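Participant: To start, I am sharing the structure in question, which I have written as structure tokens.
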Amino acid sequence: MKTTLTRHSQPKATIAAAATRVPAAILAAILLAITASPTRANCNPAGRIDASCYANLQAANEPLWLPAGTYRLERELVIDYAPLANTGFRIISDGAVIDATATGQRAMTIECSGGTADNPKGCFYFHIQGTLFVNANTWQTAFRFGQNDYSDAHNSAKIDHLIANNAGTGPAVRLNYVLNADIFTVAVTAGSAGLVMDQVQFSKISGAASATTGTAMLIQNGYTFSNTISAIDLEVAQTCLAITSPSASHNTFVSPYFVCPTAIAATGGASNLLFNPLYGGGTSAPTPGSQIGILTLP
């Protein structure tokens, strides 16, 4: 399950995020110093903005197309799609690699500005289409979806195939205030937590997660409820699944796979159902009743 991205034969380019926050409606200078010409033949297919065609995307709109290749960051890439909050923003990736390992910072944040913790902004229909690799080496989260203070609520999002690798101590993927979403991710870290769910509601989550020295999947803080986590692979971690939020409830795990010294550590929540779990590699199922809020069938 663990992924390696040390070999990549596609052409390389450079991303330099010129500002801390990038309005997604114009993608102000997300991609700079890419040696290409927007005038070359077949540069912009119909309905797409080809990232490799522009030295400066001041006038570009969405959907943003990332052709196969390695795009190196000089600082965190923040995509703010507030101007498109009602219609959504789409990234099309043909196996592109977003590489922030040299910065020591988070690689990507997807946000929707304009709200507060008391009055979050409702944003809709963000979509990553295709396979996108995100690499980092940081104490922060490699890929963060939403602000940590829950000031932006991301509704009806879809992430087709996100592969996040953090060689540092931080998490690989963190989902903040995500609702009614459909997300497939492989979240791999050498550190604290592979996949962090922080206020995620009535969504479908699948894929895999690992954390060499920590927890593969962590449900913490906020209200996380009514999610279906299906066929998820949790391994290469000290603890496969940890639930610490007292407001995590009615989440259903369908055929999860656990391979860790500690399969589950649940200290909060209620009515979280594990349906037909499999414990592999010598991993033992928790003693019935030892975990708070966990129901297991059969």
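Participant: Got a sec to turn the phi values of segment 190-206 into Karplus ³J(HN,Hα) couplings, 6.51 cos²θ - 1.76 cosθ + 1.60 with θ = phi - 60°, whole Hz, x for Gly and Pro?
Facilitator: Whole-Hz 3J(HN,Hα) from phi for segment 190-206: 7, x, 6, 7, x, 10, 10, 10, 10, 6, 10, 9, 5, 10, 10, 10, 8.
Participant: Now for a different question. How much length is gained on full extension from Phe202 to Thr228, taking 0.36 nm per residue of separation minus their Cα-Cα distance?
Facilitator: Values: separation 26, 0.36 × 26 = 9.36 nm, distance 0.73 nm.
So the chain would gain 8.6 nm between Phe202 and Thr228.
Participant: Give, in nm to one decimal, the length gained when the segment between Ala270 and Gln129 is fully stretched (0.36 nm per residue of separation minus the Cα-Cα distance).
Facilitator: Details: separation 141, 0.36 × 141 = 50.76 nm, distance 3.41 nm.
Roughly 47.4 nm would be gained on extension.
Participant: Heavy atoms only, probe 1.4 Å: what % of the accessible area of segment 139-288 goes to carbon and sulfur, would you let me know? Please report the intermediate quantities before stating the final value.
Facilitator: Details: 2730 of 4880 Å².
Using a 1.4 Å probe with all protein chains present, segment 139-288 comes out at 56 percent carbon and sulfur.
Participant: Of the peptides 256-264, 158-166, how do they stack up when ordered by the mean number of other Cβ atoms within 10 Å, highest first? Don't skip to the end; give the middle numbers.
Facilitator: On the way: 256-264: 20.7, 158-166: 23.0.
So the order, starting with the most tightly packed, is 158-166, 256-264.
Participant: Further question on the same structure: Per residue of segment 214-221, what does 6.51 cos²θ - 1.76 cosθ + 1.60 with θ = phi - 60° give for ³J(HN,Hα)? Whole Hz please, x for Gly and Pro, Karplus curve as stated.
Facilitator: Computed from phi, the couplings for segment 214-221 are x, 10, 5, 10, 10, 9, 9, 6 Hz.
Participant: Specify whether the C-alpha gyration tensor of segment 193-298 places it in the rounded, prolate or oblate class, a ≥ b ≥ c being the square roots of the eigenvalues: rounded for a/c under 1.5, otherwise prolate if a/b is larger than b/c and oblate if not. Show your work: numbers first, answer last.
Facilitator: Working: a/c = 1.39, a/b = 1.23, b/c = 1.13.
Note, shape of segment 193-298 comes out rounded.
Participant: Where in segment 252-268 does the label zone of Ser284 land, with the point 7 angstrom along Cα→C-beta and an amide N cut-off under 18 Å?
Facilitator: Of the residues in segment 252-268, 258-266 have backbone N under 18 Å from the label point off Ser284.
The values are calculated or read from the model by the stated rules, or taken from the named source; none is laboratory data. Predicted model only: the values in this text are computed from it and were never measured. We place every Cβ from the backbone using ideal geometry, glycine too, and count neighbours over all the protein chains shown. These accessible areas exclude ligands, DNA and RNA; they are computed on the full protein's heavy atoms, side chains included. Shrake-Rupley method; radii C 1.70, N 1.55, O 1.52, S 1.80 Å.
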